[in-house]
Structures are given as structure tokens and as C-alpha cells.
Amino acid sequence: MRFFFRYGSLIPVVGILLTVLFPLSAHSREETHDLDSYRSECANGKTIYCIAIGMEEQKSGNLETALKAYQSACESHLSRGHLRACTPLLSLARQMDRLDEVSAGLESLCEGGDDIVCFYLAKEYFKITEYHRGFVHLERLCRDNFPPPEKADYGPCFHLGNNLKKIGKLKRARKIFNFDCERDPILAKPSCEQAEAVRLLIRQGKANGGNSVKEFARIEAWAFGIAAITLLGLLLVK
């Protein structure tokens, strides 16, 4: 009884500490277990788990390990056409100032004549706000009238013009849209519509200027972060 009166006031404190620390310990073990299971699934070719590993490692500050996980996800998806699995790889590489090194393999495939890789790589560059890298590929594909792999896609000229419009290069965007529209008004109807929309923007003096580029980059970075969190959330729910 004497012990109770002497140390009884500490019991609630101890209880709180146990309540807080036990779940943290359990969560730590669960997280380790999850990473182990992710690695197993990643090794079996399930791309989403490779991305999940990368996200966890990046969150922990292990950027090299995260980069390797993203690289695995990207490479396992190359044969499937689109390069959406490469987005986190290219994004992290850009943050680490290693984009030239990391994108070299994809650039090599593009230079070797794989126009599908060129097309999707350009779209990936746009996602991480590396516009000029994307423009280089799409300008050639637009000029060559490259047919997009997916029928519902509007094609290289439209994407080129649309991203020029995003960064405020309205006159150049209008030129690209007009080129696409005049070559085939039926198939390039979206470009025709955009050409008129851009003409009106120019006429109204609504060119955004250089400041919009920085603002748009911040918005895209935020949107990518939200998308990454959503992806991991869906994965953990499963």
C-alpha cells in the first residue's frame, strides 16, 4: 500500500508511455515486414511494389536505395509501352541532379529508333517540368507525323503545342497547332480547337510570361506528391 501511495501518481504516466510506445514498436515491425514482402513482390515483377519500396526508402532519406527501386519499376515496364512507372525515377533523379545519367538508357533507345519510347519519354519529361527535353523529341515526331500508340491519344503535335501553351509560349504553340490542323483537319480536330483558343488568348493579351513557369512547376510538384501518397495509400489498403 505504501508503494502505491508513493508511486501511484506515476502509474498514469507509465500507462501513457506504454500506450504510445507499444504501437510505435508494432508499427516499426509491421513496416519492416511490409518492406520485405514488397521486395518479394517486386522481385516477382510486380511493378507497383517496386514503386512502394522506392517511396518508403525515399521517405526515410535512403535516396540511392529508392532510386534503385524506381529503376527496377521503370525497367520492368519498358516492354509495356507507356513509361508511367518511370515517373518517380525521373523525378527523384532530377532532384538529385542525376537526370542525364538516369535517363541515358531511355534516351539511347530513343536515339536508336524506338519512336514509342521517344513519345512516352517526352511526356514523362513534361510531368517533371523538364519541358525542353520533351520538346526535342516531340518536335521531330510532330514533323514526321508519328501516329500515337493509343488511338485515343491526340498525338505529338498536340502534346507539343499544349505544353508550349502551359509555359506561356503562346505564339509557338499556335504555330504547332496550326501545322497539325492544316495537315489533317479531321484527325487533328483537337489541335484545330486549341489553335483557335490560343489565338484568342494572344488577342486578349493573356500571355502568362516567365513567372507562370515557376508557379506551374510548384503546382506540378505538389500534384505529383499527392499522387504518390495516394498510390501508397491504395497499396497499403490492399
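Computed values, structure above
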| item | result |
| --- | --- |
| Near pairs, Cβ below 6 angstrom, 6+ apart or cross-chain, from the range 142-154 (open to solvent by 90 Å² or more (accessible area, probe 1.4 Å)) to any residue that is in a helix (DSSP H, G or I) and modelled with pLDDT of 90 or more | Y154/P190 |
| Positions within the range 145-195 being in a loop (DSSP other than H, G, I, E, B), under 16 Å from Y120 (Cα atoms) and either in contact with a Pro (Cβ under 6 Å, 6 or more places away or on another chain) or not hydrophobic (A, V, I, L, M, F, W, C) (or both), in sequence order | N145, F146, P147, P148, P149, E150, K151, D153, Y154, G155 |
| Within the range 106-143, considering residues that are within 18 Å of R172 (Cβ to Cβ) and not in a helix (DSSP H, G or I), the one nearest to the chain's Cα centre (by Cα) | T129 |
| Residue in the range 44-53 that is crowded, with 22+ Cβ neighbours inside 10 Å, assigned to a helix (DSSP H, G or I), free of Cβ contacts under 8 Å to residues at least 40 places away in the same chain and over 13 Å from the mean Cα position of the chain (by Cα) present | yes |
| Within the range 83-105, tally of residues that are outside any helix (DSSP H, G or I) and over 14 Å from F126 (Cα atoms) | 3 |
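The values are calculated or read from the model by the stated rules, or taken from the named source; none is laboratory data. Everything quoted here is computed from the prediction, not taken from an experiment. Heads up, the Cβs are rebuilt from the backbone with ideal geometry, glycines too, and the neighbour counts pull from every protein chain shown. Each accessible area value is taken on the protein alone, full model and side chains, heavy atoms only, with ligands, DNA and RNA left out. Shrake-Rupley method; radii C 1.70, N 1.55, O 1.52, S 1.80 Å.
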